[in-house]
1. Given Cβ point charges of +1 (Lys, Arg) and -1 (Asp, Glu) and nothing else, what value in debye, to the nearest 20, does the dipole of the stretch 1-107 about its Cα centre take?
2. Can you find, among Y85, V10, V45, the residue farthest towards the positive end of the dipole of the stretch 5-126? Put +1 on the C-beta of Lys and Arg, -1 on that of Asp and Glu.
3. What residue among A63, A114, A29 shows peak mean-square fluctuation when the chain is described by a Gaussian network model with Cα springs under 10 Å?
4. If you build the convex hull over the alpha carbons only and average its shadow over all orientations, what do you get for the chain? Give it in nm² to one decimal.
5. Which of Y69, Y85, Y42 ends up with the largest GNM mean-square fluctuation for the chain, with Cα atoms connected below 10 Å?
6. Considering the chain as a Gaussian network with a 10 Å cut-off on Cα pairs, which listed residue, S71, S37, S109, attains the greatest mean-square fluctuation?
7. Using the Cα centre of the chain as origin and beta-carbon charges of +1 (Lys, Arg) and -1 (Asp, Glu), tell me which of L34, A114, L68 is placed farthest towards the positive end of the dipole.
8. If I take every Cα pair under 8 Å that is 6 or more residues apart in the chain, average their sequence separation and divide by the length, what percent do I get for the relative contact order?
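The values are calculated or read from the model by the stated rules, or taken from the named source; none is laboratory data. Fair warning: this is a prediction, and the values are worked out from it, not measured in the lab. Virtual Cβ from ideal backbone geometry, glycine too; neighbours counted across all protein chains shown. Side chains are part of the model used for accessible areas, which takes the heavy atoms of the whole protein and leaves out ligands, DNA and RNA. Shrake-Rupley method; radii C 1.70, N 1.55, O 1.52, S 1.80 Å.
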Amino acid sequence: MPKLPVELTVAEWAIIKAVWEKEPCTAPAIQAKLAKSTGWTYSTVRTLMDRMVVKGLLTAQKARHLTLYRSAVTRKQAQRGELLYALKHAFNGALTPMVQCLLDTGKLSTEQLAELEALIQAKRKG
């Protein structure tokens, strides 16, 4: 598995989301799923998926005439990597301004705010 944080390109996000839904899967199945939204050909999808294997984001297993792909990273790992990337690049590593931005831009319900407060309290307690 790749070392954290996992950083995915926009194209890799499209591929990995499709793989998570259909794994194990083939490149033609992923190409068919993404064809309308991306316009990618089979060769484009296959190239992207093979590069993701090299990067440790996917695994590939040959089964007769097919190559079956599976994710090598979890959704949580990918989300964490994306969040850490934003924290580092958009907020210079400062967590408080990032959280403040999220609070200012989101319409949080009373329940969501209570959940966030509970997470902070739990973190304080260890």
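1. Numbers: 16 positive and 7 negative charges, 69 e Å.
Dipole of the stretch 1-107, to the nearest 20 debye: 340 debye.
2. V45
3. Looking only at A63, A114, A29, the largest GNM fluctuation is found for A114.
4. Values: hull surface 41.1 nm².
In nm², the orientation-averaged hull projection of the chain is 10.3.
5. Y42
6. S109
7. L68
8. Computed over the chain, the figure is 28 percent.
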